[in-house]
Amino acid sequence: MSSVISTKEIKKEYVMGAETIRALKSISIEIERGEYVAFMGPSGSGKSTLMNIIGCLDTPTAGQYVLNGHDVSDLTENELAEIRNKEIGFVFQTFNLLPRASALENVSLPLVYAGYGKEDREEKALATLDGVGLAERAYHKPNELSGGQRQRVAIARALVNDPSIILADEPTGNLDTKTSYSIMDLFAELHDKGNTIIMVTHEEDIAEYAHRIIRLRDGLIESDEVNKNIRKVEPVA
């Protein structure tokens, strides 16, 4: 079986005072290696909770989650952090770059935790920046880059450790339409190279770039369908 993600009847509950919030009621999904999936749903649907569990930022109240062959349902925080650093590359809406560090230093950061030496870190980070078209901006700081360039740095940082999956949370949420298209074009290229991509978005036009769309509502899967009309990135003049 080539599933990189397998969840079985995942539930997540939060206690808020006297009330119990059932954020996820029973979620069972299989995502194969090399898939490009979008999670969609209105606010409160459970998509962010599911993303946090898949990203090993949170653990389920009940159910099983197997990531790339590892059962991560009830690991400790330290064990989760180790799996997270090794298996998952995160891309956030707000980029989450260190403001005083260069693009190269930002991209190198996961390699510090992975134990790479300085020379190897720089070589690998530079090659990854080159892969997203930003090698010539390696020594620029985030405030010297455009929003699209910052997101490309964030994508390079997500890729540098060769993770099992790239998890993108509203990756175009802070970008204008033209820049959003160029970022979605980059995701399409990454998927063509064999990367597994899971994207959380509330924007229909952005979700349509994915090859499979899972819609959540009230903590349950409302639909899980292959996208038959994959949106191609249109060249922007």
Suppose all protein chains stay in the model; what accessible area per residue would a 1.4 Å probe give for segment 9-93, in Å²? 49 Å²
Could you pull the Cα extents of segment 135-195 along its three principal axes, largest to smallest, in whole Å? 31, 26, 19
For helix 118-131, what angle does its Cα long axis make with the longest principal axis of the chain, in degrees from 0 to 90 and rounded to 10? 80 degrees
Working with all protein chains in place, sort 191, 211 by solvent-accessible area computed with a 1.4 Å probe, largest first. 211, 191
If you fit an axis through the alpha-carbon atoms of helix 103-113 and take the longest principal axis of the Cα set of the chain, what angle between them do you get, 0 to 90°, nearest 10? 50 degrees
Using only the alpha carbons, work out the radius of gyration and Dmax of segment 102-150 in angstrom. 10.5, 31
Note down the net charge around residue 57, summing +1 for each Lys or Arg and -1 for each Asp or Glu among other residues with Cβ under 14 Å from its Cβ. -3
In degrees, nearest ten, helix 177-192 long axis to first principal axis of the chain (Cα): 80 degrees
For labels at residue 211 and residue 146 in the simple 7 Å Cα→Cβ model, what's the distance in nm? 3.0 nm
P(r) histogram, all alpha-carbon pairs of segment 127-237 included - 10 Å bins from 0, percent: 13, 44, 32, 9, 1
With 0.36 nm assigned to each residue of separation and the Cα-Cα distance removed, residue 62 to residue 139 gains 23.1 nm
Report P(r) for segment 21-63: all Cα-Cα distances, bin width 10 Å, range 0 to the bin holding the largest distance, values in whole percent. 23, 59, 17, 1
Accessible-area value, residue 145, 1.4 Å probe, nucleic acids and ligands omitted, Å²: 10 Å²
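Send over the per residue convex hull volume for segment 37-160, Cα only, as a whole number of Å³.
Cα-based convex hull of segment 37-160, divided per residue, equals 134 Å³.
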How many angstrom lie between the C-alpha centres of segment 4-42 and segment 130-208? 24 Å
Calculated SAXS-style log₁₀ I(q)/I(0) at q = 0.29 Å⁻¹ - segment 48-112, Debye, Cα scatterers: -1.30
Given Cβ charges of +1 for Lys and Arg and -1 for Asp and Glu, the option among 43, 207, 127 whose Cα lies farthest towards the positive end of the dipole of the chain is 43
Let me spell out the model: positive unit charges on the Cβ of Lys and Arg, negative unit charges on the Cβ of Asp and Glu, origin at the Cα centre of segment 38-112. What dipole size does that give, in debye rounded to 20? 340 debye
Using the beta-carbon distance between residue 74 and residue 28 and R0 = 25 Å, what value does 1/(1 + (r/R0)^6) give for FRET efficiency, to the nearest 0.05? 0.90
Provide the convex hull volume over Cα atoms per residue for the chain, in Å³. 137 Å³
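The values are calculated or read from the model by the stated rules, or taken from the named source; none is laboratory data. Here the structure is a predicted model, which means the values were calculated and not measured. Here Cβ is always computed from backbone atoms with ideal geometry, including for glycine, and neighbour counts include all displayed protein chains. We work out accessible area using only protein heavy atoms, side chains counted, and drop any ligands, DNA or RNA first. Shrake-Rupley method; radii C 1.70, N 1.55, O 1.52, S 1.80 Å.
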